[in-house]
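Working notes for the structure below.
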Amino acid sequence: MKKTIKSKMFIGAMMIGFSLLLTGCPQPASGGGENYDEPLPEINDILFGDPDWDITYNSISGVIDYDPVLARYPQYGDALVNTHGKIIRIATHIEEGGKYYYSTDSSMTINDITVTEESALSFDYRCDLLNWTNGTETYVNYFVVYIDNEELPVFTQTGSGQMWQNTSLILSPGSHTVKFCTVLDESKYRAEGLSNAVYLDNITLAPNKIASVDIYPKGLQETYVNGDTIQFTAKALRSDGSVIPGETVTWTATGGSIDSNGLFTPGSSTGNVSVTATINGKSASNTTVKVHGSSYLTDPVTINGHTFTGKITKIDNTAFTDTNNITFVSPTPRYSNFYADGFFVLKGTATGTNPVLFMRKRGDGYLINNEYNPKYPYQSTIVLPSGDFEQRIWLRWGDGIYDIWIEEGEVTYNESYDGYEGAWVTWHLPRNAGESTYFYVVNQSNFKYSTEDCAFLMPSDNCQCDDFLITNAFNAVMAELPDDATLGMKLQALYDWEARRSHYDYVSFTTTSTTKRKRQDAVHVLKYEMAVCEGYADLYTAFARLLGVKSAYQSSENLCHAWTELYYKGKWKMVDITWDDPSANMSTDKNPTAENYWYFLIDPDDASHAKRDSEGYTIEPYQYDRVTDYSRSAN
């Protein structure tokens with residue numbers, strides 16, 4: 001059965017004729033079957049243009065009004081963002097009323113595309129096609145595109161659960177026919193959890209020439225004099241927003257320096273800098289690059305809409321003593337007890353070994369029968385670097401009195417190799433009791449949250465949401481979103497960014513390589529673009545706190561696993577990028593094409609928290625214990 005529908009669309013001024021023909025050979029998968037008649041919804045978003053056009057489609061392919069791949073996840077319509085509405089589906093099979101219908105060659109053909117200059121036909125696509133091995137044979141279903149009925153396709157793709165991608169086909173002046181097709185390998189068309197289809201959206205036609213330039217990252221990017229570099233990239237875009245690859249970029253900056261690859265290095269001057277990318281006379285700039293002074297650690301910091309000044313005032317005139325070879329110098333506190341606003345900066349020198357800082361907030365449960373309670377939640381241990389050090393110490397549990405001890409410890413680190421820093425393994429304090437520097441701090445930040453909520457929102461030693469590397473990445477993601485983006489969209493964008501940028505670090509995980517375990521705090525995960533579960537959780541926890549979302553690093557001793565939990569829509573939800581990362585199955589792919597959301601904002605007590613394979617099939621449900629560790633990442 002065929003249907004025809006007419007609608008007003010835009011394809012481009014160059015088009016003279018445009019028609020769509022969906023063809024194929026539908027057959028029942030087993031035992032007879034009836035013709036499947038799917039209503040064709042009204043279309044507004046699939047093609048762009050003026051002229052009337054006709055769609056003829058078979059019983060397998062057609063137009064649907066949702067994204068079936070995204071719809072597999074229980075959060076669809078709530079937390080997950082469906083960025084594609086009505087879309088074209090070119091299916092290998094469909095199910096209706098318990099019956100399966102399939103086509104060995106389901107296709108959509110665009111006839112009579114006439115252009116007067118070299119042009120690009122661009123489109124978004126998403127594959128959800130079978131690719132599996134039964135032990136002896138491998139079966140692959142393909143998405144292919146032909147131009148002018150050539151024998152070989154000009155574009156081939158396969159894969160399941162793919163994220164939306166964009167590609168372009170170059171058309172020379174003249175009239176062309178373009179055929180989009182799904183091809184079955186050995187008629188193997190069914191697989192649990194797969195729709196076995198290709199989805200198309202945003203089919204556009206534009207001259208193959210540069211109309212504009214796009215620069216990344218956008219948004220506020222911060223560094224300090226002679227400090228961290230910032231990597232910029234740029235893309236040449238056609239008039240429809242599709243990318244022209246391989247173009248040479250010329251970079252300029254109004255301060256510091258920038259090399260031919262877009263790596264910006266701050267100089268010795270402070271202030272705002274503009275970075276500009278130019279491609280064939282077209283330019284784009286990021287004008288919000290800020291270079292701070294060398295004392296930037298003492299500058300005010302805004303977290304969750306509240307600005308902490310870090311300012312200190314004295315309680316008495318008792319000076320610090322140089323204990324355990326730690327020398328305190330200005331602008332660190334020069335008084336043994338003082339008032340502070342949110343944080344203070346500890347600066348000094350440790351000769352030969354590492355200072356270890358112990359911090360506890362006074363309160364109920366701090367002492368039991370006047371003895372120290374080791375299970376008191378609001379305490380932490382921070383290992384400082386040896387040699388010269390300068391570090392912001394956050395008073396993470398809200399206003400009140402903090403007792404702080406610093407001793408010179410002996411710390412063991414894993415092996416450093418290939419430019420990676422090893423994580424610390426153990427530490428101990430060789431000094432006798434009492435040989436430490438002690439002071440107390442009265443925090444007066446006026447941050448209107450409870451002690452527990454502050455623990456979920458403030459920076460910590462492993463989730464450094466005050467560090468420029470973290471805030472720059474966060475700002476870049478937020479700058480790509482629309483102004484009316486919901487909280488769910490922002491959480492998903494950060495989730496996608498981390499999963500696509502990072503890959504699982506098997507060197508740090510493998511038991512034979514424990515001496516090469518890398519640091520797993522949020523900053524080092526960004527630097528290395530790889531992590532084990534600990535690092536994945538640290539980075540996402542830091543991102544969520546920058547959104548003002550209460551978030552916690554959680555772990556399970558039973559699973560030897562860690563994840564993030566955050567407070568979303570009045571409930572604590574679980575976010576586990578490690579188990580969702582498409583590159584986690586022994587892959588080092590930093591730019592995967594697949595995406596999963598099995599563990600995005602799920603109920604942490606839900607029995608569905610089960611390890612799944614790359615196709616989403618349940619491997620084994622887990623019973624796990626959730627370990628609260630306030631000292632590690634303030635959760």
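The values are calculated or read from the model by the stated rules, or taken from the named source; none is laboratory data. Source: prediction; values computed, not measured. Backbone-built Cβ (ideal geometry, glycine too); neighbour counts: all protein chains shown. To get the accessible areas, we keep the full protein, side chains included, count just its heavy atoms, and leave off ligands, DNA and RNA. Shrake-Rupley method; radii C 1.70, N 1.55, O 1.52, S 1.80 Å.
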Length-normalised contact order of the range 425-580, Cα under 8 Å, at least 6 apart, in percent, tallies to 21
Take the alpha carbon gyration tensor of the range 178-277, find the square roots of its eigenvalues, order them as a ≥ b ≥ c, and report rounded if a/c is under 1.5; if not, report prolate when a/b exceeds b/c, else oblate. prolate
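By accessible area of protein heavy atoms, probe 1.4 Å, what ranking do ILE147, ILE90 get, highest first?
So the residues, ranked largest to smallest area, are ILE147, ILE90.
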When the scattering of the range 333-476 is computed by the Debye formula from its Cα atoms alone, each counted once and equally, what is log10 I(q)/I(0) at q = 0.10, 0.11 Å⁻¹? -0.39, -0.48
Cα-Cα longer than 19 Å, checked against LYS86/LYS490; LYS290/LYS448; LYS361/LYS518; LYS86/LYS569; LYS290/LYS550; LYS361/LYS448, kept in input order, equals LYS86/LYS490; LYS290/LYS448; LYS361/LYS518; LYS86/LYS569; LYS290/LYS550
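What is the percent of Cα-Cα separations in the range 358-399 that go past 13 Å?
Details: 510 of 861 pairs.
Here the long-distance tail beyond 13 Å is 59 percent of all Cα pairs in the range 358-399.
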Of the peptides 550-559, 273-282, 526-535, 257-266, how do they stack up when ordered by the mean number of other Cβ atoms within 10 Å, highest first? 526-535, 550-559, 273-282, 257-266
Using the Cβ atoms and a cut-off under 10 Å, what net charge is assigned to the surroundings of GLY422, where Lys and Arg are +1 and Asp and Glu are -1? +2
What does the C-alpha gyration tensor say about the overall shape of the range 358-428? Classify as rounded when a/c is under 1.5, otherwise prolate if a/b is larger than b/c, or oblate. prolate
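Label the range 392-464 by shape, choosing from rounded, prolate and oblate, from the square roots a ≥ b ≥ c of the eigenvalues of the Cα gyration tensor; if a/c is under 1.5 it is rounded, and otherwise prolate applies when a/b is larger than b/c, oblate when it is not. Don't skip to the answer; put the middle values down first.
Working: a/c = 3.49, a/b = 1.41, b/c = 2.48.
Since a/c reaches 1.5 but b/c is at least a/b, the shape of the range 392-464 is classed as oblate.
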For SER122, what is the net charge nearby, where nearby means another residue's Cβ is under 13 Å from its Cβ and Lys, Arg count +1, Asp, Glu -1? -2
